[in-house]
Structure formats: C-alpha cells, structure tokens
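Enquirer: Quick one: structure below, then a few questions.
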Amino acid sequence: MKLMVIGCGGVATVAIHKCYENPVFTEILVASRTKSKCDALAEKLRSRTKAVITTATVNADRVESLTELMNKFKPHTVLNVALPYQDLTIMDACLECGANYVDTANYEAENTDDPEWRAIYEKRCKEKGFTALFDYSWQWAYQDKFKAAGLTALLGTGFDPGVTSVYTAYALKHYFDEIHYIDILDCNGGDHGYPFATNFNPEINLREVSSNGSYWEEGHWVETKPMEIKREYDFDGVGMKDMYLLHHEEIESLAKNIPNVKRIRFFMTFGQSYLTHMNCLQNVGMLGTAPVQFEGREIVPIKFLKALLPDPASLGPRTVGKTNIGCIFRGIKDGKERNIYIYNVCDHQECYKETGAQAVSYTTGVPAMIGTSMIASGTWSGAGVFNVEEFDPDPYMEALNKYGLPWQVNENPVLVD
Ligand SMILES: NC(=O)c1ccc[n+]([C@@H]2O[C@H](COP(=O)([O-])OP(=O)(O)OC[C@H]3O[C@@H](n4cnc5c(N)ncnc54)[C@H](OP(=O)(O)O)[C@@H]3O)[C@@H](O)[C@H]2O)c1
C-alpha cells in the first residue's frame, strides 16, 4: 500500500520509523518543506525495511503543490504530520486526488487576525461557549465531501487526541454500560535540563497552554482562565505532579460521540519554572501571532521565539524520565458504579534509543502510524470524516501493545476531585 507522509519533524520521524516496522506499508513517500530532513531520515532507515522509500519537497499550504505530487505518486492514504495549519489544504488535495486522509491535530488558523477567519471564530465562540483557537467544525464540515468521494478522513490519531479517545471507546465496550465522567491526565515527568523549552512545536504548544481552559459539563462548555484549576496527582512511574485544567480537542469529539457523558476534563502537568517563563513571555508579547514592525521589517513574535528556543527534535538525547498519559473513567456497569484508569507509561531515553526522538514525539508518532495502518489495511473503513473513538477500539489497542505503547488498566484508581 502506498503511503504519503507530509512533514518530517519530531512526530513524523517516529511515525515513519514505525511505518517501516509494519509490512502493510510497501511504498512510502516522505514529503516536507525541507527535503534535506526527509533525505537524512530515509537514508538512516533504508537498510531496515523492505518498503520502497522516496522523498520530495512540498508546500502543504498550497493545494496545487500537494496535488502535483499526489497525482504522480498516487497514494492510497496521506498521513498529515505537518502542522494543524495545513489540515484543510491537505484534505482538499486528498479529495482532488482520491486519497484517504489521516492527521493528529485539528485545524488551527495560522493568522488569527485574518478578519474572515475571526468573524467565523467569534460566531463559534458565542454559539459553542469556548474560545480555543482550534475546533473540529472546520474539518467536520468535510463530511459530505468525503462521503461523496467514498474516502475516509481519520482525525486525531496521536496520543491526546488519539489513544485517549480509543481508551474511551475501549472502556465503553468492555467495562461500562455508561461512562459518566472522563478525566484525561497527561503527565510529562521528563527533564531536558534547559531552563525553558517546549516538547513539541513551540507555536502550537505555547498557544495551547496560554489559552483559557475549559471542560464539558452537563451538555455545555465551562470556561476557565488559563491555569485556573490546579490539582495534584501521584502518577505511576513518575510520582507526584501539579497538573492544570486545559481545553483540549478530544473533549469536543468525545462530548459528541460518547452518549450519556456528564463531564469531560483534561489536565496536563507543568512545573513552576515552565509556567513562570511562559507567563513572562506572554506578558511581554512574545507569544503574539500578529506581525510587528522591527527595524524596518515585519516579524511575528512567536515565530521569532521559536527560532530562539531549542528545537524540540534536539531534546531527545538530553531528556530523562517518563511520561504517563491516560484516562480515568467513572460510570455504571450492571447497575453498579465503577471506576477504571487506563494509561501508558513511556520512558524518554528508551524512545530516544529506538527512534532518535523523545517520548512526546514517540507517544504521538506511534499512534499516528497505527491509525494510518487501520485505514491502510481496511481494518477501519467507511466513507466520511471520523474521529478515532467511532471505530472498533480492539485492533488499535492490540497494536499499541505491539508497537511500543503498552497500556495498563487500574480498576481501583485514585480519583481527581
Ligand atoms: N495528538 C497528539 O497527541 C499530538 C501531540 C504532539 C503533536 N501533535 C501534532 O503533530 C504534528 C507534528 O508535530 P511536530 O512536533 O512533529 O512538529 P514539527 O517538529 O514542527 O514538524 C512539523 C513538520 O512539518 C513541516 N511543515 C511545516 N509547514 C509545512 C508546509 N507548509 N509544507 C510542508 N511541510 C511543512 C515542517 O517542515 P520544516 O522541517 O521545514 O520546518 C516539519 O518537518 C502537529 O500537527 C502537532 O500539533 C499531536
């Protein structure tokens, strides 16, 4: 089966490593903005696989650049591990060229000051009640087009969203008649030794963390100030950590797809030093996305900041410690209350030894490959736009164990108040 991977950053590196271990992928084209990165990766991996690998330059902001390449390569499926800014152009190109589409993050506009985008965004904030700059409406709007084309678009197959959503489908299938409360806990106990760095793309990461939090309760969104809700949790493999409630994209799709759910929250751990740096950068305007004039030229503050910060891809060799990501579910089985916690513990150094990337890229890249393989092998199929929790979770859960993200179920977890 022919796979085209778009992007060659941290997540792509792991996803491509893992594609090479899966015989369903027989031909892989790695296409990104900087072809030299694709060439270097292909060179490193060529001896490890029977799959034929080629590389190309592509500008994924332009549909024509994508379709030119797709018309030549004729991929069965396209895995988008570039940035969320490119989701819609890549979906358009897939429709034009008859390819299935897979990604790990929902659409986000690159220029949030664009008046046309802002008008739609402000209407959505009023109607839906949350102010995050990203949401699923843009991609769910492609439902009829993918249906009519007989193609599948699989949205959000990273860890969160992705594995957390599959954990939810699995819990509902095997442990509950109804799930009422979902707490998604994302803990990174890794230490890279820098005073400040982000574990994945700084623009995407800092925007997410500095925005208002929100959670889903009794059929509507409740919005909080950034970092307003804090809890402590003792994570298996990591220990006690502070965690903060954030808005996160899988809350939106789980609220739609999990019947009877009463509340969905998402918590992520942050150290005090990270938060102090981030607040300071925000207060001085360094997280801004609108261009400013500097010495006669335009610069975008957050892009300039990205150039100063360590490249997330370079954190691998320095990062030690573990991640622990999972979901605590509370609900009803056979008329009785039940609580379970499904989670994965991943070691940064082990990930680095295997793929050259740290655990944050690893925990996203492995499920990116697994979701793509579900579509490539026909294990998951259907025409239209889907989130991962809409399919049978069992083959995906099996693949997580096989490809490096084994999970555990704790049937008596400590709950989050
Ligand atoms: N669901 C999850 O759990 C989860 C977790 C983490 C990340 N993610 C998502 O995973 C994706 C990749 O993250 P990452 O950390 O790997 O980011 P990254 O290291 O910044 O890599 C992004 C890659 O996309 C390429 N790219 C950017 N703009 C492009 C364009 N216009 N045309 C072609 N290629 C382009 C970049 O090219 P250059 O090399 O030229 O810069 C780079 O190779 C993001 O969408 C992120 O939001 C999801």
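Enquirer: For the stretch 314-339 and the stretch 350-417, what is the separation of their C-alpha centers, rounded to whole Å?
Expert: Each part's Cα centre sits 13 Å from the other's.
Enquirer: What does the charge dipole of the chain about its Cα centre add up to, to the nearest 20 debye, if the Cβ of each Lys and Arg holds +1 and the Cβ of each Asp and Glu holds -1?
Expert: 800 debye
Enquirer: Continuing with this model, one more query. Scan around Asn387 for amide H atoms under 5 Å from its own, H built in the peptide plane at 1.01 Å from N, and keep only partners 5 or more places away or cross-chain.
Expert: Amide H neighbours of Asn387, under 5 Å, 5+ apart: Leu155.
Enquirer: For the stretch 364-373, in order, what is each residue's ³J(HN,Hα) by Karplus, 6.51 cos²θ - 1.76 cosθ + 1.60 with θ = phi - 60°, in whole Hz (x at glycine and Pro)?
Expert: 9, x, 4, x, 5, 5, 5, x, 5, 5
Enquirer: How big, on average over all directions, is the shadow cast by the Cα convex hull of the chain, in nm²?
Expert: Numbers: hull surface 78.2 nm².
Mean projected area for the chain: 19.5 nm², to one decimal.
Enquirer: Considering the Cα trace of the stretch 203-349, what is its radius of gyration and what is Dmax, both in angstroms?
Expert: Looking at the stretch 203-349, its Cα Rg and Dmax stand at 18.7, 69 Å.
Enquirer: Which order, highest average first, do 383-393, 120-130, 397-407, 26-36 follow once you tally other Cβ atoms within 10 Å for each residue and take the mean per peptide?
Expert: Listed from highest to lowest mean packing, they are 383-393, 26-36, 397-407, 120-130.
Enquirer: Here's something else I'd like to know. Below 8 Å between Cα atoms, with a sequence gap of 6+, how large is the relative contact order for the chain in percent?
Expert: Details: 884 pairs, mean separation 86.4, N = 417.
Here the relative contact order equals 21 percent.
Enquirer: How big is Rg to Rh over the stretch 295-361, alpha-carbon atoms, Rh as the Kirkwood inverse-mean-distance radius?
Expert: 1.30
Enquirer: Pairs of alpha-carbon atoms within less than 8 angstrom and 6+ residues apart define the contacts here; what relative contact order does the stretch 317-417 have, in percent?
Expert: This gives 31 percent for the stretch 317-417.
Enquirer: Find, to one decimal place in angstroms, the Kirkwood hydrodynamic radius of the stretch 2-155, where the mean of 1/r is taken over every pair of different Cα atoms and then inverted.
Expert: On the way: mean 1/r = 0.0615 Å⁻¹.
By the Kirkwood definition, the hydrodynamic radius is 16.3 Å.
Enquirer: Starting from 0.36 nm per residue, how many nanometres of slack lie between Asp311 and Thr276 once their C-alpha separation is accounted for?
Expert: Values: separation 35, 0.36 × 35 = 12.60 nm, distance 2.02 nm.
Result: 10.6 nm gained on full extension.
Enquirer: Between Val284 and Arg231, what is the label-point separation in nm under the 7 Å Cα-to-beta-carbon projection?
Expert: It is 3.5 nm.
Enquirer: Convex hull over the alpha-carbon atoms of the stretch 269-417: what's its volume per residue in Å³?
Expert: About 214 Å³ per residue, rounded to a whole number.
Enquirer: In addition: Round to a whole angstrom and tell me the spacing of the C-alpha centers of the stretch 101-168 and the stretch 6-62.
Expert: 25 Å
Enquirer: What order do you get for 107-118, 240-251, 203-214 when each peptide is scored by the mean count of other beta carbon atoms within 10 Å, highest first?
Expert: 240-251, 203-214, 107-118
Enquirer: Here's another thing I want to ask about it. What distance in nm separates the two pseudo spin-label positions at Lys128 and Glu27, each 7 Å out from Cα along the beta-carbon direction?
Expert: Each label point lies 7 Å from its Cα, and together they span 3.8 nm.
Enquirer: Given all pairs of different Cα atoms, what value in angstroms does the Kirkwood hydrodynamic radius of the stretch 202-279 take?
Expert: 13.5 Å
Enquirer: What spacing in nm lies between the two simple spin-label points modelled at Glu354 and Val292, each 7 Å away from Cα in the Cβ direction?
Expert: 4.2 nm
Read-outs: derived from the displayed coordinates by stated rules, not from any lab. Please read all numbers here as calculations on a predicted model, not as lab measurements. Virtual Cβ from ideal backbone geometry, glycine too; neighbours counted across all protein chains shown.
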